[in-house]
Every structure is written in structure tokens, then in C-alpha cells.
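What follows is one structure encoded as C-alpha cells, with my remarks underneath.
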Amino acid sequence: MENNKEITIGYWSTKGLGSTLRMITIYSGRPLRAKIYKLDALIKNNEIQFDGSTWHDKDKVHLKKRNSLINLPYVEMYDKNNNKVLISQSLACLSFLGRQLNMFGKDTSEETYCDQLINEVNDLRGLLGKFCYTTFLDSKDEFNGAKDVMEKATNKINGKMLKFEEWLEQKKQEETKLFLVGNSISAPDFSLFDILDFYNEFLRHYKFSTNSNEEIYKSIGFPYLSKFYNAFTKLPKMQKYFNSELYKLPYQNKAALFSSENQSIRWDPNKDIDNVQAEILIN
């Protein structure tokens with residue numbers, strides 16, 4: 001009997017480490033309860049301070065009684081054996097969801113590739129994340145820092161993007177079926193798309209590219225990544241996510257230097273108000 005029970009995913013009011021988990025759940029067709037925890041920006045003693053008490057002082061206290069390692073993001077769901085599972089750590093959550101939702105390869109070999117690719121994407125995410133939470137003295141230093149990130153990501157000798165371009169080139173699948181593992185979608189596809197979507201905004205914000213979403217990766221020399229990105233955006237089962245409030249969330253939290261192309265990257269606690277709902281339900 002097919003398991004159609006609701007899956008709960010808890011994370012901050014950003015995309016961050018939670019978006020791949022939200023995406024794969026929505027794609028699966030299982031009902032999603034996205035628990036949203038706000039990181040409030042407050043002014044105390046003329047300094048901006050960040051307050052995550054919506055998570056730390058509330059749900060975390062109760063959930064920790066069931067899982068002492070609990071943190072954000074977390075996944076709570078009934079597994080294939082109808083056991084209620086509560087798990088955290090973003091990579092563990094994604095691997096677990098992939099296996100439970102039958103999107104983790106068709107055999108042991110493909111499962112191993114899924115694990116490898118999830119970790120490889122996480123390395124790229126770390127490169128971008130480190131930059132986003134760095135404090136620069138002035139705009140020139142910030143631009144040079146952004147340029148350094150771009151070069152490390154795209155350099156034709158050892159750039160991190162190049163690894164995925166070559167991986168997809170080796171597969172040489174049809175343009176409309178460009179998946180990282182095998183001939184069907186799997187967990188690392190969601191992870192790679194998420195970071196490409198973020199990097200897309202990064203490139204445009206720092207004016208390293210003025211191309212459209214559809215052409216941006218082709219314009220910097222990655223035709224297979226371009227095909228992958230464009231094919232993913234057109235997947236019918238992903239449209240519910242792209243049309244949801246979850247897709248509109250910024251990538252990083254209020255403490256980040258760069259959060260989203262469409263949102264102020266330097267939060268003003270006197271003006272910026274986080275109006276996102278505490279829960280978003282997608283059936």
C-alpha cells in the first residue's frame with residue numbers, strides 16, 4: 001500500500017539547507033508540512049543581534065526529548081515500515097528522503113553515486129556559504145571576494161562546476177532527461193539544481209553575467225549544466241514548488257552578506273519585516 005502520509009520538514013525562513021528537502025518531498029507527491037522558524041534581527045545597544053528563539057526556545061526543546069541530536073533542518077515522517085522517524089543533519093535527511101521516496105538509484109552502484117554526488121554538491125555549497133557570511137571592510141573587498149569565489153567555482157582547470165559539467169558530459173543523455181544518476185531523477189539532482197539556482201543569482205548580483213536564467217551557464221562555458229538547469233525548471237512535478245511561497249524565500253538568513261538577488265542583502269531591523277508564515281502546507 002502506498003504511503004501518502006504527511007512529511008514535516010523544519011528549517012529557518014530561508015532556502016538554505018532546507019530547500020532540497022522541501023523540493024524532493026513536493027516532487028514525490030507526499031503532503032508537505034514546512035515548519036518555518038524565523039531568525040529575527042533586533043537592535044540592542046545600537047548593534048544588530050540575531051534571535052533564533054522561535055526554534056531554540058520552543059520546538060527544539062520538545063523535539064530534543066525524542067532525538068538528542070536534533071537541529072535544523074529536520075525531517076519527521078513515517079517510513080516504509082510505518083515507523084515514525086525524526087532525523088536531522090541536512091545530508092542525512094536528504095539521503096533518508098531519497099531512499100524512502102524511491103529517488104536514490106535503482107541498485108547499490110547507483111546509490112553509491114548518489115552519496116558521492118550529494119557530498120560533492122555540498123563542497124560547492126560550502127564555498128558559496130563561506131563567502132556569504134564573511135564580513136568585508138568595503139565594497140571593493142567584497143567584489144574581489146566574490147570574484148575569487150566565481151573563479152574557484154568555474155575555473156577550467158579545477159573549478160568545482162567543472163566536475164559536474166564533465167560528469168554530465170560523460171553521461172550524454174537526452175536534453176530532456178538529463179539526470180545525474182541513471183535515467184530518472186534522484187536526490188542529488190535536487191541538491192545540484194538548488195545550488196545552481198543560488199549561484200545564478202550570485203552571478204547576476206555581482207554583474208559577472210547579465211544573461212537570462214536559461215543561458216547563464218551556457219554563457220560561462222557549461223553547456224551540460226545549462227541543459228540540466230533548464231530541464232529541471234521545466235519538470236511538471238516541480239511547478240508546484242516554483243509557484244509556492246517556499247521558492248520565494250531568500251537563500252540565506254539575515255546575518256548573511258548576500259542572501260538573494262531580489263531581497264536587500266543588508267537587513268535593516270527598523271524596516272525589514274519577516275512576514276513568512278510559521279507553517280506552509282503543500283498537498
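The values are calculated or read from the model by the stated rules, or taken from the named source; none is laboratory data. Keep in mind that this is a model prediction, so the values were computed, not measured. Because the Cβ atoms are built from the backbone with ideal geometry, glycine has one as well, and the counts that use them run over all protein chains shown.
Do you know which of the residues in the stretch 170-180 that are under 22 Å from Glu214 (Cβ atoms) and at pLDDT below 90 is surrounded by the most Cβ atoms within 10 Å (Cβ to Cβ)? Filtering the stretch 170-180 for residues that are under 22 Å from Glu214 (Cβ atoms) and at pLDDT below 90, the one surrounded by the most Cβ atoms within 10 Å (Cβ to Cβ) comes out as Leu178. Which numbered condition trips up Ala146, out of (1) surrounded by 16 or more Cβ atoms within 10 Å (Cβ to Cβ); (2) modelled with pLDDT of 95 or more? All conditions are met except number (2). Here Phe198, Phe179, Phe136, Phe143 are screened, and the one residue that is closer than 25 Å to Tyr247 by Cα and either of a type in the set (D, E, K, R) or in contact (Cβ under 8 Å) with a residue 60 or more places away in the chain (or both) is Phe198.
Could you say which residue among Gly98, Gly105, Gly129 is crowded, with 18+ Cβ neighbours inside 10 Å, part of a helix (DSSP H, G or I), in contact with a Ser or Thr (Cβ under 9 Å, 6 or more places away or on another chain) and in contact (Cβ under 8 Å) with a residue 12 or more places away in the chain? Only one candidate passes the filter, namely Gly98. Across the stretch 80-95, the number of residues qualifying as crowded, with 20+ Cβ neighbours inside 10 Å and farther than 19 Å from Phe179 by Cα comes to 2. Applying the criterion of being of a type in the set (A, V, I, L, M) and assigned to a loop (DSSP other than H, G, I, E, B) to the residues of the stretch 137-173, the residue that is farthest from His205 (Cα to Cα) is Ile157.
Kindly indicate whether any position in the stretch 73-80 is of a type in the set (D, E, K, R) and modelled with pLDDT of 95 or more. Give the steps one after another, and end with the answer.
Initially, the stretch 73-80 is screened for residues of a type in the set (D, E, K, R), giving 76, 79-80.
Checking which are modelled with pLDDT of 95 or more leaves us with 76.
Yes, that holds for at least one residue.
If you check Phe242 against the conditions, is it more than 30 Å from Ser139 (Cα to Cα) and at pLDDT below 95?
no
Selection of the stretch 110-135 for residues being at pLDDT 90 or above, under 18 Å from Leu196 (Cα atoms) and in contact with a helix residue (DSSP H, G or I) (Cβ under 8 Å, 6 or more places away or on another chain) yields Cys114, Leu117, Ile118, Asn119, Glu120, Val121, Asn122, Asp123, Leu124, Arg125.
Ile157 meets the conditions (1) touching a helix residue (DSSP H, G or I) at 6+ places or on another chain (Cβ under 6 Å); (2) more than 30 Å from Lys254 (Cα to Cα); (3) modelled with pLDDT under 90; (4) of a type in the set (A, V, I, L, M, F, W, C) in every case but one. The failed one is (1). Of the candidates Phe193, Phe198, the single residue that is outside any loop (DSSP other than H, G, I, E, B), at pLDDT 90 or above, in contact with a strand residue (DSSP E or B) (Cβ under 9 Å, 6 or more places away or on another chain) and surrounded by 16 or more Cβ atoms within 10 Å (Cβ to Cβ) is Phe198. In this structure, does Ser95 turn out to be in contact with an Asp or Glu (Cβ under 9 Å, 6 or more places away or on another chain), among the polar types (S, T, N, Q) and within 17 Å of Ala255 (Cα to Cα)? No; evaluated as a whole, the condition is false for this residue.
Taken together, Thr210, Thr112, Thr134 contain a single residue that is among the β-branched types (Val, Ile, Thr), part of a helix (DSSP H, G or I) and surrounded by fewer than 20 Cβ atoms within 10 Å (Cβ to Cβ), which is Thr112.
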